[in-house]
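This report refers to the structure that appears directly beneath it.
The values are calculated or read from the model by the stated rules, or taken from the named source; none is laboratory data. Being a predicted model, the structure only gives us computed values, none of them experimental. With ideal geometry, Cβ positions are generated from the backbone for all residues, glycine too; neighbour counts draw on all protein chains shown.
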Amino acid sequence: MILPGSVVGVMGSGQLGRMFAIAARRMGYRVHTLSPDTDTPTGQVADVEIVASYNDLEAVARFARGVSVVTFEFENVSAAAAQIAARHAPVRPAGAVLHTTQHRIREKTFLLRNGLPVTPFREVHGEADLEQAVTELGTPCVLKTAGFGYDGKGQVRIESPQDALAAWESIHRAEAVVEAFIDFDREVSVVAARGLDGTFAHFGVVENRHRRHILDVTIAPAEIGAGIAADAVQIARTVLEKLEVAGVLCVEFFVTRDGRLLVNELAPRPHNSGHFTFDACVTSQFEQQLRAVCGLPLGSTAQLAPAAMANLLGDLWLNGEPDWAGALRDPRVKLHLYGKLEPRPGRKMGHLTALGPGAEAAVLEARSRLARS
């Protein structure tokens, strides 16, 4: 058990690491972060910010020697870096979890092997694979890079067989998967945690609405049937147990129009759709990650009130600084800014959370007040 006063190392330095560091420091831990950037969202609140490439294995080793445990806020860290770190400190979740979940072919193969529902897909390693995949799955379908994709990056919709080669060229002929197009009813997710002793806790099922392939709004809890919700939680539990996760993991699902669940993606870390927990739950997803990787008992995930979360993208800064006072006119609304130095269109700069009845309407109204004409 790694107790308060110890040093926790975070590989990655974005907003997830920032909120993790806030939770860790509140509980008396020190935080070191490593990433290629400086003055980062995590680095601004960490005790030590180390600037180094994830592929600089000597720097990763020095970083790991200076902490009691290593965790992640960003899954696209190389397996080699995780292996080097593990020589000097426990790595949680383990590098094997990253290896599986950072690569779509390995991830989907894992899901199939364990009998979990997954969107029909085919692997693409060459032009012949691509042609066969499109023929078998039909169009429209979606081409996705096997690795390093998030927020819609590395994804191309194929409308007809004639578009397939151009789509693959647009992702530089990278190893990929083709997925069947799912005309789904809604997207939901489950953020859950597993402790070192195998205990499991979850934050319920939430509904996610996207805009331009980026999460826009999360509503917690999701308005879905009790049976579907129970199935989603059980699938999440199976994923964490089969992967032997020590930490937090999010399972994203499509809910089909006939009420079936299909796993879309896994994220072995706190997740954007779990940000509401910072304000709305007894234990946030970030404190839960800390508890899990340090071997502490998991905290209560009870939700104190209905909640909704809305992302704030860099587009809101196009006409100057947003109207923060206007957004906070409703006393139920909470503001979280990530300390990013440069707002850019599509970049996640922060989020708003609202609590209580009508939370979704409240958070959307608050966000609408931010934009200056």
Selection over segment 346-369 where residues are touching a strand residue (DSSP E or B) at 6+ places or on another chain (Cβ under 7 Å) and over 17 Å from His275 (Cβ atoms) yields a count of 1
Checking Lys153, Lys144, Lys108 in turn, the sole residue that is surrounded by 14 or more Cβ atoms within 10 Å (Cβ to Cβ), outside the structural domain of Gly195 (by TED's automatic domain parsing) and in contact with a Ser or Thr (Cβ under 9 Å, 6 or more places away or on another chain) turns out to be Lys108
Checked segment 13-47 for anything out of contact with any strand residue (DSSP E or B) (no Cβ under 6 Å at 6 or more places or on another chain), part of a loop (DSSP other than H, G, I, E, B) and not aliphatic (A, V, I, L, M); matches are Gly14, Gly28, Pro36, Asp37, Asp39, Thr40, Pro41, Gln44
Exercise. Determine, yes or no, whether Thr139 is outside the structural domain of Gly299 (by TED's automatic domain parsing), over 28 Å from Ala94 (Cα atoms), surrounded by 13 or more Cβ atoms within 10 Å (Cβ to Cβ) and of a type in the set (S, T, N, Q).
Key: yes
A careful count of residues in segment 119-149 that are of a type in the set (Phe, Trp, Tyr) and free of Cβ contacts under 8 Å to residues at least 24 places away in the same chain gives 0
Going through segment 163-192 in order, the residues found to be among the aliphatic types (A, V, I, L, M) and in a strand (DSSP E or B) are Ala176, Val177, Val178, Ala180, Val188, Val190, Val191, Ala192
Taking segment 254-268 and keeping only residues that are touching an Asp or Glu at 6+ places or on another chain (Cβ under 9 Å) and either assigned to a strand (DSSP E or B) or on the phi > 0 side of the Ramachandran plot (or both), one is left with Phe254, Val255, Thr256, Gly259, Leu261, Val263, Asn264, Glu265, Leu266, Ala267
Here the residues within segment 198-253 that are exposed (fewer than 15 other Cβ atoms within 10 Å of the Cβ), part of a loop (DSSP other than H, G, I, E, B) and touching a residue at least 40 places away in the same chain (Cβ under 8 Å) are Gly198, Thr199, Arg212, His213, Glu244
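Yes/no matrix, rows are residues, columns are (1) over 22 Å from the mean Cα position of the chain (by Cα); (2) of a type in the set (Phe, Trp, Tyr):
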position: Arg25; (1), (2): no, no
position: Arg30; (1), (2): yes, no
position: Thr42; (1), (2): no, no
position: Val45; (1), (2): no, no
position: Val51; (1), (2): yes, no
position: Tyr54; (1), (2): no, yes
position: Gly66; (1), (2): yes, no
By my count, helices (runs of 4 or more DSSP H) wholly in segment 86-159 with at least 1 residues that are at pLDDT 95 or above, charged (D, E, K, R) and touching a Leu at 6+ places or on another chain (Cβ under 7 Å) are 104-113
* Asked: Being in contact with a Lys or Arg (Cβ under 9 Å, 6 or more places away or on another chain), in contact (Cβ under 8 Å) with a residue 60 or more places away in the chain and surrounded by fewer than 24 Cβ atoms within 10 Å (Cβ to Cβ), is that true of even one residue in segment 25-43?
  -> yes
Q: May I ask you to verify whether Leu364 is crowded, with 19+ Cβ neighbours inside 10 Å and within 24 Å of Gln303 (Cα to Cα)?
A: no
Ser189 meets each of (1) assigned by TED's automatic domain parsing to the domain that holds Ser273; (2) surrounded by fewer than 21 Cβ atoms within 10 Å (Cβ to Cβ) with one exception, condition (2)
Just one listed residue, out of Leu341, Leu318, Leu337, Leu312, is under 21 Å from Asp39 (Cβ atoms), modelled with pLDDT under 95 and in the same structural domain as Arg194 (by TED's automatic domain parsing), and it is Leu341
Among the residues of segment 286-309, is any crowded, with 22+ Cβ neighbours inside 10 Å, part of a helix (DSSP H, G or I), among the aromatic types (Phe, Trp, Tyr) and not assigned by TED's automatic domain parsing to the domain that holds Lys144?
-> yes
Filtering segment 319-355 down to residues that are surrounded by 14 or more Cβ atoms within 10 Å (Cβ to Cβ), part of a loop (DSSP other than H, G, I, E, B) and free of Cβ contacts under 8 Å to residues at least 60 places away in the same chain yields Pro322, Asp323, Leu328, Asp330, Arg332, Pro343, Arg347
